[in-house]
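Right, one structure below, let's go through it.
Laboratory data are not the source of any read-out in this text; all were calculated from the coordinates shown. From a predicted model like this one, the values you see are computed outputs, not experimental measurements. Neighbour counts run over all protein chains shown; Cβ positions are idealised from the backbone, glycine included.
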There are 2 protein chains.
Amino acid sequence: MKRSSNSASLHNPIYDIAAQVFHKRGYDSTSMSDIAHAARLTKAGLYHHIASKEMLLYTILNYGMDLTDEIVMRPVLEIRDPLERLKQLIARHLRLILQERNHEVTVILHEDKSLRGTLRKKMNERKKHYIDFVEKVVAGVLPRRRKSKARIAAFALLGMMNWCYQWYRPGGRITVPALVNGMTEIFLHGVA
Amino acid sequence: MKRSSNSASLHNPIYDIAAQVFHKRGYDSTSMSDIAHAARLTKAGLYHHIASKEMLLYTILNYGMDLTDEIVMRPVLEIRDPLERLKQLIARHLRLILQERNHEVTVILHEDKSLRGTLRKKMNERKKHYIDFVEKVVAGVLPRRRKSKARIAAFALLGMMNWCYQWYRPGGRITVPALVNGMTEIFLHGVA
DNA sequence: ATTAAAATACCGACCGGTCGGTAGGTTCTA
DNA sequence: TAGAACCTACCGACCGGTCGGTATTTTAAT
């Protein structure tokens, strides 16, 4: 019997496998048989564990947001100094996205329109909550006369960080610490 | 099966309509009947004009890259001053993406894994060519000792600009000129 | 310690429906 | 009267999902 101290052990491995497949092939072009096969099950066996394809995606996305709360938001909110807060936000957000294990998070970045109705609304609210959090942290380092630009700055920061999942390949020439340093410097001081 | 013999014959409205639908619903979850209906045709009627769903996507993506070449790359390459070059790159790239008409370009940003084989390779090469171009323009304004960071800076810039398609809604509180100013300032001088 | 019942995990076979795509005929236009 | 434009009707493959049933594990009373 397996028993690991981590709370993630409560997490059925099916979700991790499915997140991996969704990340690789995209939600729409992944069939339930694909996921079943990856989990070494038949489709009927898979459906013993989940309610529907959409619910499976929702559970994965929700878990990705839980990770974000836990690894980025909560620790950053405990920091007092505004500049250090922002630096930690950048470092933690980037590591969260580039960590090879967290497929749930990268799926969030790509699958926007796949959920419908209530589930979609709930996810959008969680995302909005995080964006507002980033905006506040960014506003903390802006001089008073430029506070009005906090929203654009927040989106700029989120963009440069989130876009990484599109091009970053671990093991390439660019390391995660170099990326953290580079983006922190650009966002804080610019390139010129 | 039909033409595509003439490169400029692109302005068949079918491609614009299809780009719009792909942009709205995503490639995979858009059926050919959806596109046919949007174009006021039956599916068979639509297939009189195109060879396959994948070819339709490829034509759209290729046209999006043509637009990028024409509206961003070519004019920017004619500018001598490195700083002005970069400023124009930012302004033109953002306007290209946020222009409501250019659905072909926003489809490029989202549909990465939908093409297969040769078509995918060709698209990836055109994209890589553009990324190299951005990297060179960025390197033009970097002090010598930081030239090695040009690639990270280029990806940061591309990220903050390209991410806009995910959240920007025309008619909202943020205008395109404000966005151009804001992102130019952040990338050139930082926020702190 | 035994064992029977209950719960869980899983499967082969199948369902209604939709997908991308097509054969073959009709209408429009020059 | 030729060809482009477009249609009705249809195809095989595959989709998400379910059915009835079996194997395995857990539980609990003896």
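Quick one: Karplus J couplings for region B:11-20, per residue in order, coefficients 6.51, -1.76, 1.60, θ = phi - 60°, nearest Hz, x for Gly and Pro?
7, 6, x, 3, 5, 5, 4, 4, 4, 4
For all pairs of alpha-carbon atoms in region B:59-189, what percent lies in each bin of width 10 Å, listed from the first bin to the last filled one?
In order of increasing distance, the bins hold 11, 43, 35, 11, 0 percent.
Which whole number gives the average count of other chain Cβ atoms within 10 Å of the Cβ atoms across peptide A:142-152?
Details: counts 2, 2, 0, 0, 3, 0, 2, 6, 1, 4, 10.
The shielding value for this peptide is 3.
Based only on Cα atoms, what Rg/Rh ratio does region B:1-130 have, Rh being taken as Kirkwood's radius?
Value, to two decimals: 1.01.
Mind ordering A:166-175, A:39-48 by average Cβ neighbours within 10 Å, highest first?
Those peptides, ordered most packed to least, come out A:39-48, A:166-175.
Can you bin the protein assembly as shown into rounded, prolate or oblate? Criterion: square roots of the alpha carbon gyration tensor eigenvalues sorted a ≥ b ≥ c, rounded for a/c under 1.5, prolate for a/b above b/c, oblate for the rest.
oblate
Angle, helix B:117-139 long axis vs. longest principal axis of chain B, Cα atoms, 0 to 90°, nearest 10?
That works out to roughly 20 degrees.
List the aspartates and glutamates whose Cα sits under 17 Å from the Cα of B:LYS147, skipping any in the same chain fewer than 8 residues away.
Counting by Cα, and skipping residues close in sequence, B:LYS147 has these aspartates and glutamates nearby: A:GLU185, B:ASP132, B:GLU135.
Between B:ASP81 and B:GLU54, how many nm apart are label points set 7 Å from Cα along the C-beta direction?
It is 4.9 nm.
Give me a comma-separated list of calculated 3J(HN,Hα) values for region B:69-79, in order, Karplus coefficients 6.51, -1.76, 1.60 applied at θ = phi - 60°, integers in Hz, x for any Gly or Pro.
Values, residue by residue: 4, 6, 8, 10, 4, 4, x, 5, 5, 8, 8 Hz.
So how far, in whole Å, is the C-alpha centre of region A:98-162 from the one of region A:42-56?
30
Using Cβ counts within 10 Å as a stand-in for footprinting exposure, how do B:TYR27, B:TYR15 rank, fewest first? Intermediate values should be presented prior to the final figure.
Numbers: B:TYR27 24, B:TYR15 19.
Placing the least packed residue first, the sequence is B:TYR15, B:TYR27.
Got a sec to turn the phi values of region A:147-156 into Karplus ³J(HN,Hα) couplings, 6.51 cos²θ - 1.76 cosθ + 1.60 with θ = phi - 60°, whole Hz, x for Gly and Pro?
Values per residue, Gly and Pro as x: 4, 5, 8, 4, 5, 4, 4, 5, 5, 4 Hz.
Holding the Cα-Cα limit at 25 Å, pick out from A:LYS53/A:LYS113; A:LYS87/A:LYS136; A:LYS87/B:LYS136 the pairs that are longer than that.
Going by Cα-Cα distance, A:LYS87/B:LYS136 fall outside the 25 Å limit.
What value, in deg cm²/dmol to 500, does the helix sum -39500 (n - 2.57) over DSSP H runs of n ≥ 4 give at 222 nm once divided by the residues of chain A?
-19500 deg cm²/dmol
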